[in-house]
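Step one of this worksheet: look at the structure below.
Laboratory data are not the source of any read-out in this text; all were calculated from the coordinates shown. Because the structure is predicted, anything quoted here is derived from the model rather than measured. For neighbour counting, all protein chains shown are included, and Cβ atoms are generated from backbone atoms with ideal geometry for every residue, glycine included.
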């Protein structure tokens with residue numbers, strides 16, 4: 001009986017049923033199959049939304065730094081934020097050129113050190129401009145910076161760190177101070193090799209010269225400021241209440257505004273003004289029915305007419321000017 005059952009040939013329909021049952025039946029999945037690889041050398045310490053906030057913060061820093069360096073160097077300077085990403089400190093240091101201009105930054109009141117790096121392609125043209133040159137030579141200089149050159153560049157670092165501090169004050173009062181100088185990235189021992197950093201890369205362009213400026217901030221410090229970033233965004237996203245509007249109105253109630261009623265017409269040169277004589281006639285080309293402009297702190301806001309208010313003159317508003 002049993003031998004007959006073993007020798008029986010299964011039909012195609014029966015074979016399909018067997019495979020169908022195996023496919024539909026639940027199978028205990030091995031937990032190891034659900035495991036994802038994790039690289040402990042690149043720990044994910046910071047959320048993506050916080051990275052976006054840091055990106056916007058350093059975009060503001062780039063704009064202010066471009067303005068400050070343009071005034072300091074008396075030349076047009078453009079600063080563009082290239083990237084903001086998380087790296088291990090050894091990856092960050094290996095990506096820097098050698099030799100280069102490195103400074104270790106204290107971050108008061110927090111413990112730890114940040115890194116500010118400026119490429120030689122950027123430092124030497126700035127150094128030439130500070131000494132009175134035009135920095136139009138495209139010759140690339142690749143050597144270590146001397147102590148005398150470092151002292152000349154102190155003003156540049158002071159301006160850069162002041163703008164960086166101002167940008168970070170939108171989140172928390174953070175003071176950056178230069179603690180040491182270095183020229184070889186491999187000799188900078190301020191963090192463990194596997195310690196995560198937030199790497200901020202910027203391109204600085206001065207005329208025909210361009211170079212990179214890199215900032216490395218320990219991720220552990222940025223992670224400690226998570227609540228500060230959340231408070232900043234919660235304030236931006238919140239709707240103003242009636243109490244908040246009343247508070248703002250109370251603060252600005254005593255502010256003073258400058259109002260000017262102006263009759264805008266043709267202009268007159270100083271030479272023609274000096275040549276005016278008695279009985280000369282000036283044509284203002286201004287219709288009697290045309291409204292005058294009322295400016296508030298230099299901005300054209302209303303249009304109206306000059307009227308008498310007792311013994312004084314007044315301005316009667318006829319219409320508001322659309323922006």
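Overview of values
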| read-out | value |
| --- | --- |
| Pair residue 165, residue 74: separation of 7 Å Cα→Cβ label points (nm) | 2.7 |
| Convex hull (Cα only) mean projected area of the range 90-201, reported in nm² to one decimal | 7.6 |
| Gain in span if fully extended, residue 318 to residue 55, counting 0.36 nm per residue against the direct Cα distance | 90.0 nm |
| Mean Cα-pair separation over length for the range 86-167, i.e. relative contact order, pairs under 8 Å, 6 or more apart, % | 23 |
| Rough spin-label spacing in nm, given labels placed 7 Å along Cα→Cβ, for residue 284 and residue 154 | 6.0 |
| Alpha-carbon centroid distance for the pair the range 90-118 / the range 135-171, whole angstrom | 13 |
| Two-site label geometry, residue 249 and residue 11: point separation in nm, points 7 Å out along Cα→Cβ | 8.7 |
| Difference of contour (0.36 nm per residue) and Cα-Cα distance, residue 300 to residue 140 | 52.4 nm |
